[in-house]
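Worksheet: one structure, shown below.
What follows draws every value from the coordinates through simple rules; no lab data is involved. This structure is a prediction, so every number in the text was calculated from the model and none was measured. For neighbour counting, all protein chains shown are included, and Cβ atoms are generated from backbone atoms with ideal geometry for every residue, glycine included.
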Amino acid sequence: MSGASDRWNPIFLKELRQSLRGRVFGILFPTTVLAGVAVAITAMVDLHPRPIAGPDVLLPVLVVLGVAALGLVPFSAFQSMGGEWDDGTHDLLVLSHLSPGRIVLGKLLSAAVESVLYFAGFAPVLLFTFLLSGVDLRDLLFLIGALYAASIAMSAVALALAGLTRSRFWRVVLLAATAGLAFLALVLGYDLAETFVKRGRGLGTGHASEDVAATIGLILAFGTLFTAIASTRLAHPEDDRSGPVRWTVSGLLVALLAAVTTVGAGFMSSVPVFEVAALVGALAAAFAVFFVTEPERLPRRAAARVPRNAALAVLAAPFLPGGGRGVLWWLLQLAILAAWATAVAAWHGAGRARPWTPGTFGQWCAFQSYFLVYLAGFSLALGRVRERSYGPLAARLILPSVAVLSMVLPLLAGFLSGETNPIRDSILFPTGAMQREPHAPKSLVALVVGGVVLALNLPRLITSFAQVLAASARRRRPLPAPLERPTDAAHAG
Amino acid sequence: MAALEVCGITKRFGSLVAVDQASFAVEAGRITGFIGPNGAGKTTTMRIAATLDLPDEGDVLLDGVSVLDDPRGARRKLGFMPDAYGAYPSTTLWEYLDFYARAYDLHGALRRRRVEEVLEFTSLSALREKEMAVLSKGLKQRLCLAKTLLHDPSVLILDEPAAGLDPRARVELRELVRALAGMRKAILVSSHILTELAEMCDGIAVIEAGRIKATGSVHDVTRGIQTAVPVFVRVLEDADRLERALLELPGVERARREGQGLVFEHQGSPESLAGVLAALVAAGLRPVEFTPRAMGLEEVFLSLTEGKLQ
């Protein structure tokens, strides 16, 4: 074993050994499999003597397997990462030659194997449900595959959340959040399974392509994004801990747009381009909260990897760490969205009910101004806070809180003052109603405020580029800048 | 070039300056004791040197590699033994070391040989199949040291390695650290047990309230702060006569009775002190004890620090 496993991921080997020797797995595995068998038998007894019982037995069995795959396996991954903090082994791991990516990959592989064991334990029951008839083999295999992939994606989520903090209190909170996400995934998974095996919209019916695409897309998106987050959390603070996440989110947003345009062509013909662009813009803004709240400084290791070519360095700037470059990243996503919307509108032509015209483009910009105020405006105002060690976290809590309060308070004031339509009359920037009931004066106000915020951010954006160009210029020099050396090895201070 | 160079590092936690422009160096083959009261900034400095924390200013070089510019390169040079180290449950000593050897990219026969070597060096070979959970504190410290040595680092940073150890375990650890210095490794070791450090270290760095108060060899630092050396002398003759004779000699200050002898303070070179002994003999006194008392590390520490708390 030692020789055969010589090049295997050490974390994978350690985790697997610990999991299989651990009492938790030793108790939970047989209990879960027994629960699956019990549920199948109970369903069978209840259904007797229906001729097509497969779907009615499969669904409860999948729920039990789902609890194991989406709950127990990610919980084990969460505990594994949290244990590295609690047992004091985190520092020792980080100091070894293992890269953060290898550490996360090792833990994910271990979760994948643990999940395989659960699926193997359930295999006879799942086969039994197929033999009961009424379940299409393709649907069954797809559901099993999707659940397995979701299990790994949830484990990635668990690893990322467990790696966020050393504090036990916050980790309990994050564990609850993981459990909440797992529950949501279970509900969505159940709905998908029911759609496939009971509502007659399975793979063989030709109606499942959007469901399949959405399922695969969601699982891949969560898995990729949280694997990137988990890896960057383990990286050295002077390394680029933001760039991989920025690239991943950009890639996912582009993939989302591509999927909406191709697989979701039917959906696109009924929904205005404006609304899709607005929703994806809002999604990008949600991610941008994390990027615009970073300290402005370019970390040294990230600076050491800036492209030597100045033009390439400028192009790479939105994907390098730093709050100002976070604003650039968000503006870049908006540019991509605007280009996509223009292309889609041109493709669909004038037959569309709500084409992408200069008017709707202006309204879309006004809508994005709303986010600009919070992302660029408030992050600029919190500049001094962001530079402190607790700053980014504080800013990440303050920004969404202010955004929510600014919507809730006028709404409340509107209700208290007896307004008939508080949303329309009290919120400075109209949002959902803007498309159907354009309020030109308010859109104009939004654009002006957005423009002012952007102007105030100009020095910050220029500094962001300047830092990148300076780093690029340093890389072109033959020798690194000299370091300060101690003046005297033996001195009294 | 020193193997470990701490170059003007500063670390702030909010308004608290935990480390303030700290600079010192540790040469290869030397053991430097890092001394300071609780909260002085020892662990913060060590964690920065170990690439685990970031300084607000300054840098640390490990064999010339900056911990900021190339943390991964610096980690290849470094063996860090934290004050609180981790153990994995249900893991034997061999498995623990084998795991870390893999994590340090050691493969095949080299990995197995290296694990055997560190087990042997730390005298843990007989316990290789024992689970870590059953080990005593001293054995766990030795195991942690073994893990630290797996990739043969040139710089060792040991944070309170002797804390909580019984006297025998402390002696064994001290011997191991000395042996490592004999292998040309630069070692920075912090401890509250100053007598322990005094027997182990070639040099010291004293830190208080985040500031380095003194660095250098124990002898240099002692000489820097000790203006007069106390010397105990006992003669077969009357102590009053001894006192009169002593106070007439150059370089001798203040004399006081202690037991059957006298303690006088001498300022000057070792030659001058030898001259005092010769003058006493020439004056017809017959010394049976003549012992210069160098300052211990505790006295050095107390005279350099003011008990400031942060």
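So here's what we get for this one:
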{"quantity": "Principal semi-axes in Å for the stretch B:4-218 [√(5λ), Cα gyration tensor, largest first]", "calculated": "29, 19, 16"}
{"quantity": "Size of charge dipole - chain B - debye, nearest 20, with Cβ of Lys, Arg +1 and Asp, Glu -1, no other charges", "calculated": "700"}
{"quantity": "Sorted by Cβ neighbour density within 10 Å, fewest at the top, the residues A:Val94, B:Val288", "calculated": "B:Val288, A:Val94"}
{"quantity": "B:Ala278-B:Leu302 FRET efficiency (beta carbon distance; Förster radius 35 Å; 0.05 resolution)", "calculated": "0.55"}
{"quantity": "Interchain or long-range residues, amide H under 5 Å from B:Ala18's placed H", "calculated": "B:Lys11, B:Arg12, B:Phe13"}
{"quantity": "Length-normalised contact order of the stretch A:1-107 in % [C-alpha pairs under 8 Å, at least 6 apart]", "calculated": "40"}
{"quantity": "Which of B:Val221, B:Phe232, B:Gly259, positive extreme of dipole for the stretch B:157-281 (C-beta unit charges)", "calculated": "B:Val221"}
{"quantity": "Loop trypsin sites (Lys or Arg not before Pro), the stretch B:217-310 (other Cβ atoms within 10 Å of the site Cβ: 13 or fewer; DSSP)", "calculated": "B:Arg293, B:Lys308"}
{"quantity": "The stretch B:219-310 - percent relative contact order, Cα under 8 Å, separation 6 or more", "calculated": "39"}
{"quantity": "Order of A:Thr195, A:Thr227 under a 10 Å beta carbon neighbour criterion, fewest first", "calculated": "A:Thr195, A:Thr227"}
{"quantity": "Degrees, to the nearest 10: B:108-121 long Cα axis against longest axis of chain B", "calculated": "30"}
{"quantity": "Average beta-carbon neighbours from other chains, 10 Å sphere, peptide B:101-113", "calculated": "4"}
{"quantity": "Which of A:Thr357, B:Thr215 has the fewest Cβ neighbours within 10 Å, and the rest in rising order", "calculated": "A:Thr357, B:Thr215"}
{"quantity": "Whole-Å distance, taken between Cα centres, linking the stretch A:107-132 and the stretch B:150-225", "calculated": "54"}
{"quantity": "Contour excess over end-to-end distance, with Cα ends at A:Val212 and A:Arg138 and 0.36 nm allotted per residue", "calculated": "25.4 nm"}
{"quantity": "Summed residue charge, Cβ within 14 Å of A:Ala381's Cβ, Lys/Arg positive, Asp/Glu negative", "calculated": "+1"}
{"quantity": "Placed amide H near B:Phe80: partners under 5 Å, 5+ positions off or other chain", "calculated": "B:Ile157"}
{"quantity": "Cα-centred dipole magnitude for the protein assembly as shown, charges only on beta-carbon of K, R (+1) and D, E (-1), debye, nearest 20", "calculated": "1640"}
{"quantity": "All Cα pairs of the protein assembly as shown, percent lying beyond 35 Å", "calculated": "62"}
{"quantity": "Mean residue ellipticity (222 nm) of the protein assembly as shown, computed from DSSP H runs ≥ 4 via -39,500 (n - 2.57), nearest 500", "calculated": "-19000 deg cm²/dmol"}
{"quantity": "Cα-based Lys pair tally, the stretch B:4-218, threshold under 16 Å, eight or more apart or on separate chains", "calculated": "8"}
{"quantity": "Spin-label model distance (nm) - B:Arg241 vs A:Ala258, 7 Å beyond Cα toward Cβ", "calculated": "10.6"}
{"quantity": "Cα centroid separation, the stretch A:270-301 to the stretch A:54-69 (Å)", "calculated": "37"}
{"quantity": "Average Cα contact separation per residue, chain B, under 8 Å, 6 or more apart, as relative contact order %", "calculated": "21"}
{"quantity": "Per-residue ³J(HN,Hα) for the stretch A:118-125, Karplus 6.51 cos²θ - 1.76 cosθ + 1.60, θ = phi - 60°, Hz, x for Gly and Pro", "calculated": "5, 5, 5, x, 8, 4, x, 5"}
